[in-house]
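Engineer: I have a structure I would like to understand better, so I am pasting it below and will then ask my questions one at a time.
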Amino acid sequence: MSAGFFLRWLNGWAQQLADEELRQKQFELDLDRASWIVEMALEWKAEKGEEIPEHLLARLSSNLFGRSESSEKSMTASDALASAILGTAAKAKVSVPGAEIEIDRSGLRKLKKSLSSGGS
């Protein structure tokens, strides 16, 4: 089980690294594109004596430095471990300093529902 946990963590880490490299490459491309837009706008002003039209500038700079966030979050390794432990159990007792918490399947479903609906 620990090997599976480690492999899932390692896979998640590799995915985060790949995603960050893609974001970095996109940032470099956006910098080049922004530089090109500024250069073109300066040439436009020098040749025509007026500012570049707003609608043209908006089209050329759309999605510049935009971040596309994935709305779906993948399960972390700790989530997978908790799911494996709690997924097969009918009840779980957790002792924390000063309290003992008992969670059953219906409580887990309610917790999952409240978390997915935006509650903290």
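Engineer: Quickly run through the stretch 85-120 and pick out the residues that are assigned to a loop (DSSP other than H, G, I, E, B) and either touching a helix residue (DSSP H, G or I) at 6+ places or on another chain (Cβ under 9 Å) or at pLDDT below 75 (or both).
Structural biologist: Ala89, Ala90, Ser117, Gly118, Gly119, Ser120
Engineer: Show the residue pairs meeting these rules: Cβ distance below 9 Å; 6+ apart or different chains; first residue within the stretch 18-39 and surrounded by 11 or more Cβ atoms within 10 Å (Cβ to Cβ); second residue assigned to a helix (DSSP H, G or I) and aliphatic (A, V, I, L, M).
Structural biologist: Between residues of the stretch 18-39 that are surrounded by 11 or more Cβ atoms within 10 Å (Cβ to Cβ) and residues that are assigned to a helix (DSSP H, G or I) and aliphatic (A, V, I, L, M), the close pairs are Arg33/Leu60; Trp36/Leu60; Ile37/Leu57; Ile37/Leu60.
Engineer: Something else about it: Looking for something modelled with pLDDT of 65 or more, surrounded by 10 or more Cβ atoms within 10 Å (Cβ to Cβ), over 24 Å from Ala3 (Cα atoms) and among the basic types (Lys, Arg) - is there at least one such residue anywhere in the stretch 62-69?
Structural biologist: no
Engineer: Can you spot a residue in the stretch 17-31 that is of a type in the set (Lys, Arg) and within 24 Å of the chain's Cα centre (by Cα)?
Structural biologist: The answer is yes, given that some residue of the stretch 17-31 is of a type in the set (Lys, Arg) and within 24 Å of the chain's Cα centre (by Cα).
The values are calculated or read from the model by the stated rules, or taken from the named source; none is laboratory data. Keep in mind the model is a prediction, meaning the values are calculated, not measured. With ideal geometry, Cβ positions are generated from the backbone for all residues, glycine too; neighbour counts draw on all protein chains shown.
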